[in-house]
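Where a number appears in this text, it was derived from the coordinates with a stated rule and is not lab data. This structure is a prediction, so every number in the text was calculated from the model and none was measured. Positions of Cβ are backbone-derived with ideal geometry, glycine not excepted, and every protein chain shown enters the neighbour counts.
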Amino acid sequence: MTIAAVHLAKLRKIAGDRGWIDDPADMQPFLIEPRDKYHGRTPLVLLPDSREVVADIVRTCARHKIPVVPQGGNSGLVGGSIPPAGEILISLKRLNRVREKRIDNLAMTVEAGCILSDIHDQARDMGLLFPLSLAAEGSCMIGGNLSTNAGGVNVLHYGAMRDLVLGLEVVLPNGDIWHGLKGLRKDNTGYDLKQLFIGAEGTLGIITAATLKLFPFPHEKQTALVTVPDPAAAVELLSLARKISGSCITAFEIIPRIGMDFVTRHMPGCRDPITGFYDWYVLLECSSSLDRELLDLEKLVERILSEAMARELVLDGVIAKNQAESLALWRLRENLSEAQKHEGGSIKHDISLPISTIPDFLIEAGGLVAKAIPGARPVPFGHLGDGNLHYNISQPPEMDKQVFLDKWQDLNRIIHDLVKKYNGSFSAEHGIGRLKTGDMLRYKSPVEMALMRQIKSILDPDNIMNPGVIITDRT
Ligand SMILES: Cc1cc2nc3c(=O)[nH]c(=O)nc-3n(C[C@H](O)[C@H](O)[C@H](O)COP(=O)(O)OP(=O)(O)OC[C@H]3O[C@@H](n4cnc5c(N)ncnc54)[C@H](O)[C@@H]3O)c2cc1C
């Protein structure tokens, strides 16, 4: 695709002096993503610093049918933020102001380019918590988190991004601005429009700001790493922990033996604190904003673990004695993907399942993988408490990396077909992007696809907003 020089000049003018880049070397960081799977191209990166400039850019692009790709922190894992065919890239990184902080409303209004970890700090300064938490929080941005409906490690208690928003401001594909920044917890006035844009991956408009929900800060935290005999025991442990702790259980992550081996072998400073050889680990965390005199979390976690041990759901374990020990336990979980890189190629799946079916799913999936690629090593880990597994498969050690990676589609098909059989989802938290559009056609019903196409056509009739993401064919 070629965009006329006259249009490029107009867009540069709208964006202003510091608002654009067209030097190929300077544009390069915007054109590759974390997994290095997608390499994009664009004649122009625009960096607007206000919603009005975003609106002006989009209005101009709409008039000339110029496609655009919005980008936040570029940490997405499905290729949605990379322009494949010379589209204009709109980076929201300069739209990064905090517009309003309201302790009494438990709310904060922020622009789309704010980095997630900065929002944590801002909320913390108010004595409050913004709970979305993921390993990319130092680079991902609120607009990207909204557009992917990001999940992470606290969904069990607080929900995903969709549950953490009160209002949105969006530049629509014709350049109009929808001012939906309400701070209301109750508002039954027709369709909930904000939910359309959350998880839309930039295909329906550009989010420029959001009013986020905040929560009392959980000053008390207890983190434990325990070993369990198998995933069925882990599922039972989750039920037990919920029963005993009520809403205090805020994270529940599963790690297989092979994952623990990888992370302790390859990641400096990562050490398994439990001696002995166990097949499965669970990292669980309970949190509370109540004072210790009102709720003794330490006793609560000890109670969960002693009851679980009596029922042989837990075999061994450690409870972190302080924040440093807690962080060391979390490092084991957060470094799993990185550690896998040292074991050659890895074919990834971000799936969700009804939690009760996970043990059977894992047995069946393991059998299918062994049959498809003998020696391939499944490393299923992640947010068991949400039914969300990162079912990653490391290559057989002796196999050529590229030969293994060439099987990506075949393995995806096997795992995603099985996920469908178990009534699960082939994309739990990373979205569709450009990576999983084929899966959309295979696994979504014709009725769902028709509805999505209709929504897209009404809002974006000329298909200028991130074309090729989520929906490929529009007829
Ligand atoms: C190490 C690592 C760990 C991760 N862990 C998790 C995890 O636990 N849970 C999870 O859910 N994700 C995780 N991710 C994926 C990623 O961090 C999230 O998808 C994140 O929400 C993306 O935010 P971003 O700002 O980087 O968005 P980008 O990657 O820039 O964009 C993502 C999509 O949103 C669109 N977009 C971006 N900004 C806007 C906007 N303002 N308006 C409209 N559309 C926009 C883009 O076009 C693209 O389609 C992880 C990624 C990495 C690298």
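Normalised by 2.2 N^0.38 Å, with N the number of residues, the alpha-carbon radius of gyration of region 98-216 equals 0.98. The Cα atoms of region 328-475 define a convex hull whose projected area, averaged across directions, is 10.6 nm². Sorted ascending by nearby beta carbons within 10 Å, beginning with the fewest, Ser247, Ser133 become Ser247, Ser133.
Loop-located trypsin sites (Lys or Arg not before Pro) in region 54-144 (DSSP state other than H, G, I, E, B) with a sparse environment of at most 14 neighbouring Cβ atoms within 10 Å: Lys65, Arg97. Amide H contacts for Ile470 (H built 1.01 Å from N in the peptide plane; partners 5 or more residues away or on another chain; cut-off under 5 Å): Gly433.
Quick one: which of Lys243/Lys420; Lys182/Lys456; Lys101/Lys221; Lys221/Lys243; Lys93/Lys182 span more than 28 angstrom between C-alpha atoms? Too far apart for the 28 Å limit: Lys243/Lys420. Its relative contact order, with pairs defined as Cα atoms under 8 Å and 6+ residues apart, puts region 220-337 at 46 percent.
Could you give the Stokes-Einstein D for region 224-381 in µm² per second, using the C-alpha Kirkwood radius, 25 °C, 0.890 mPa s? Reported coefficient: 147 µm²/s.
What residues have an amide H closer than 5 Å to that of Val165, excluding those fewer than 5 places away on the same chain, when H is modeled at 1.01 Å from N in the peptide plane? So Val165 has HN proximity to Lys213. Potential lengthening of the chain between His120 and Arg185 amounts to 21.3 nm, from the contour at 0.36 nm per residue minus the alpha-carbon distance. Pairs of Cα atoms nearer than 8 Å and 6+ residues apart set the relative contact order; for the chain it is 15 percent. Taking the charge dipole of the chain about its Cα centre, with +1 at Lys and Arg Cβ atoms and -1 at Asp and Glu Cβ atoms, the residue from Gln454, Leu336, Ala4 reaching farthest to the positive side is Ala4. Model label points for Leu290 and Lys37, set 7 angstrom from Cα along the Cα-to-Cβ axis, are 4.4 nm apart.
Helical runs assigned H by DSSP (4 residues or longer) give the chain a calculated mean residue ellipticity at 222 nm of -10000 deg cm²/dmol, each run adding -39500 (n - 2.57) before division by the residue total. Can you pull the Kirkwood radius for the chain, inverse mean 1/r over Cα pairs, to one decimal in Å? About 23.5 Å for the chain. Summarising the strand pairing of region 1-135, around 55 percent of its internal DSSP beta bridges are antiparallel.
Along its principal axes, region 388-475 has C-alpha extents of 51, 28, 20 angstrom, given from the largest down.
In percent, how large is the relative contact order of region 85-146, given Cα pairs closer than 8 Å and 6 or more residues apart? It comes to 31 percent, rounded to a whole number. Estimated from the Cβ-Cβ distance and a Förster radius of 51 angstrom, the FRET efficiency linking Arg242 and Ala5 is about 0.25.
Solvent-free Debye calculation, one equal scatterer per alpha-carbon of region 1-96: log10 I(q)/I(0) at 0.11, 0.13, 0.14, 0.16 Å⁻¹ equals -0.28, -0.39, -0.45, -0.60.
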